[in-house]
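Asks: Before I ask anything, here is the structure I am working with.
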């Protein structure tokens with residue numbers, strides 16, 4: 001079935017209803033990341049209560065979450081490509097919020113592992129629908145900027161998880177921190193269900209685009225053989241080892257490096273994530289938009305450059321003996337890192353057909369969680385345990401930097417290859433026509 005242009009309505013007008021939807025989806029991203037990464041500020045308390053190693057903490061932060069995140073993501077994405085996406089998002093928020101609260105009831109490693117898998121199920125169902133909705137509320141010309149604003153949610157969630165989670169842990173304990181962080185998401189899910197309207201699917205697709213959903217097998221083959229999509233997805237997965245490593249482990253690095261309380265670490269580190277993570281995505285979205293008006297390959301070139309570029313201030317942060325310098329250089333590193341996300345996310349949406357956008361996001365998030373979260377966090381934890389004899393309390397910082405450096409170099413190479421595929425694959429011609 002060929003698509004047709006939809007007459008201009010309220011959602012097409014700048015500053016109108018679509019910005020309200022984007023704000024709610026950004027809040028969804030913030031709640032998702034906060035509930036996922038609040039674990040990072042609580043790891044030292046959990047480690048002490050349950051007598052866990054850094055490797056076991058890495059499994060709880062990575063494998064427990066990402067294993068089911070990716071398994072839930074594929075059927076949810078398939079559903080997102082054929083049904084009402086805002087309902088999927090609303091239901092997902094409600095479920096992961098309850099499971100975040102359930103983490104506070106854990107009695108040991110395995111019960112906490114199971115609760116974390118529940119968080120993964122809920123969050124795995126929301127991402128494909130959210131990004132697909134944004135792509136139908138904003139034109140291709142505006143998509144990088146819109147994705148930049150959506151990325152702010154991750155920075156807000158990281159900061160909120162650290163600040164609020166740290167304060168709750170200090171006022172109460174780590175169990176109540178999980179419970180009180182989880183429950184507010186139920187309200188957001190209700191607001192989305194009651195007030196968000198489903199956007200026409202493929203609204204901004206080029207005229208004549210086939211909107212019929214392909215059979216599952218053909219959808220998978222078409223995406224796995226799409227070199228631009230696969231390059232962006234794999235580059236993102238390798239690059240996001242940096243993001244997960246910083247968001248999950250930096251609180252523990254600070255607690256081991258400086259004489260400071262959990263609450264203060266959450267406060268200072270959270271505000272640093274906020275100050276670096278808010279302007280970074282916005283600036284990155286506008287810079288990506290400006291550069292892509294000149295050459296679409298900047299959707300891959302820019303992420304490659306910043307992937308390696310952010311490692312330099314990270315090194316200055318981790319080797320600093322000053323608390324202020326540690327935070328300052330870390331804020332610079334994180335701000336540079338998140339500036340790349342708009343290009344990657346908008347490039348993924350632009351490189352695939354509207355009828356397979358949700359499934360494309362699910363595949364990208366599969367690689368993100370398999371490589372970036374499960375492998376990245378697990379390797380950092382294992383390296384920290386292995387280096388403890390030689391480096392003592394600095395072992396975790398050494399492990400974080402080593403993994404981030406390798407990730408930066410590898411993702412630069414992948415994104416450079418992806419940019420080279422954009423001409424031969426027909427991507428550049430498609431963007432000129434669209």
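Asks: Taking 7 Å along the Cα-to-C-beta vector as the label spot, tell me the residue 20-residue 315 distance in nanometres, rounded to one decimal.
Replies: Here the modelled spin labels are 5.0 nm apart.
Asks: Quick check: pseudo-label points 7 Å beyond the Cα along Cα→Cβ at residue 258 and residue 139, how many nm apart are they?
Replies: Between residue 258 and residue 139, the simple spin-label model gives 4.7 nm.
Asks: First check a/c for the stretch 231-293, with a ≥ b ≥ c the square roots of the eigenvalues of its C-alpha gyration tensor; if it is under 1.5, answer rounded, and if not, answer prolate when a/b is larger than b/c or oblate otherwise. Walk me through the intermediate numbers first.
Replies: Details: a/c = 4.93, a/b = 1.83, b/c = 2.69.
Cα axes put the stretch 231-293 in the oblate bin.
Asks: Arrange the following residues from fewest to most other Cβ atoms within 10 Å of their Cβ: 370, 314. Intermediate results must be reported in sequence, preceding the final value.
Replies: On the way: 370 18, 314 26.
Ranked by crowding around the Cβ, least crowded first: 370, 314.
Asks: With N set to the residue count of the chain, report its C-alpha Rg divided by 2.2 N^0.38 Å to two decimal places.
Replies: On the way: Rg = 20.6 Å, N = 434, 2.2 N^0.38 = 22.1 Å.
My calculation over the Cα atoms of the chain gives 0.93.
Asks: Distance between the C-alpha centers of the stretch 328-394 and the stretch 36-95? Whole Å please.
Replies: Distance between centres, Cα-based: 14 Å.
Asks: Of the candidates 357, 85, 294, which one comes out as most mobile in a Gaussian network treatment of the chain with C-alpha springs shorter than 10 Å?
Replies: Evaluated over the chain, the most mobile residue of the options is 294.
Asks: Using a Förster distance of 51 Å, how high is the FRET efficiency between residue 391 and residue 191, based on the Cβ-Cβ distance and rounded to 0.05? It would help to have the intermediate numbers written out before the result.
Replies: Working: r = 48 Å, r/R0 = 0.93.
Using R0 = 51 Å, I get an efficiency of 0.60.
Asks: In degrees from 0 to 90, rounded to the nearest 10, what is the angle of the helix 185-195 Cα long axis to the longest principal axis of the chain?
Replies: 10 degrees
Asks: Turning to a different aspect of this structure: Can you pull the Kirkwood radius for the stretch 344-398, inverse mean 1/r over Cα pairs, to one decimal in Å? Don't skip to the answer; put the middle values down first.
Replies: Details: mean 1/r = 0.0746 Å⁻¹.
After inverting the pairwise mean of 1/r, the radius is 13.4 Å.
Asks: How big is the shadow of the Cα convex hull of the stretch 45-85, averaged over all directions, in nm²?
Replies: Working: hull surface 15.2 nm².
Projected area, direction-averaged: 3.8 nm².
Asks: Rounded to the nearest 10 degrees, what's the angle between the helix 262-277 long axis and the longest principal axis of the chain, both from Cα atoms, 0 to 90?
Replies: Roughly 30 degrees, rounded to the nearest 10.
Asks: Restricting attention to the alpha-carbon atoms of the stretch 112-205, what are Rg (one decimal) and Dmax (integer), both in Å?
Replies: Values for the stretch 112-205 (Cα only, Rg and Dmax): 16.5, 51 Å.
Asks: Going by how many other beta carbons lie within 10 Å of each one, how would you line up 179, 46, fewest first?
Replies: Values: 179 16, 46 21.
With the fewest neighbours first, 179, 46 line up as 179, 46.
Asks: Sort 338, 287 by Cβ crowding within 10 Å, fewest neighbours at the top. It would help to have the intermediate numbers written out before the result.
Replies: On the way: 338 28, 287 18.
Final ranking by Cβ density, sparse to dense: 287, 338.
Asks: When all C-alpha to C-alpha distances in the stretch 287-422 are sorted into bins of 10 Å, what percent of pairs does each bin hold, rounded to whole numbers?
Replies: Spelled out bin by bin, the stretch 287-422 gives 12, 33, 34, 16, 5, 0 percent.
Asks: Then there is this: From Cα pairs below 8 angstrom and at least 6 apart in sequence, can you work out the relative contact order of the chain, rounded to a whole percent?
Replies: On the way: 828 pairs, mean separation 114.2, N = 434.
Relative contact order of the chain: 26 percent.
Asks: Now for a different question. With the chain treated as a Gaussian network of Cα nodes joined by springs under 10 Å, which of 392, 243, 165 yields the largest mean-square fluctuation?
Replies: In this elastic network of the chain, the residue with the biggest mean-square fluctuation among 392, 243, 165 is 392.
Asks: Roughly how tilted is helix 85-103, in degrees to the nearest 10 and between 0 and 90, from the longest Cα axis of the chain?
Replies: 10 degrees
Rule-based calculations on the coordinates, nothing more; no lab input. None of the values given here were measured: they were computed from a predicted structure. Methodologically, a virtual Cβ is constructed for each residue, glycine included, from the backbone with ideal geometry; neighbour enumeration extends over all protein chains shown.
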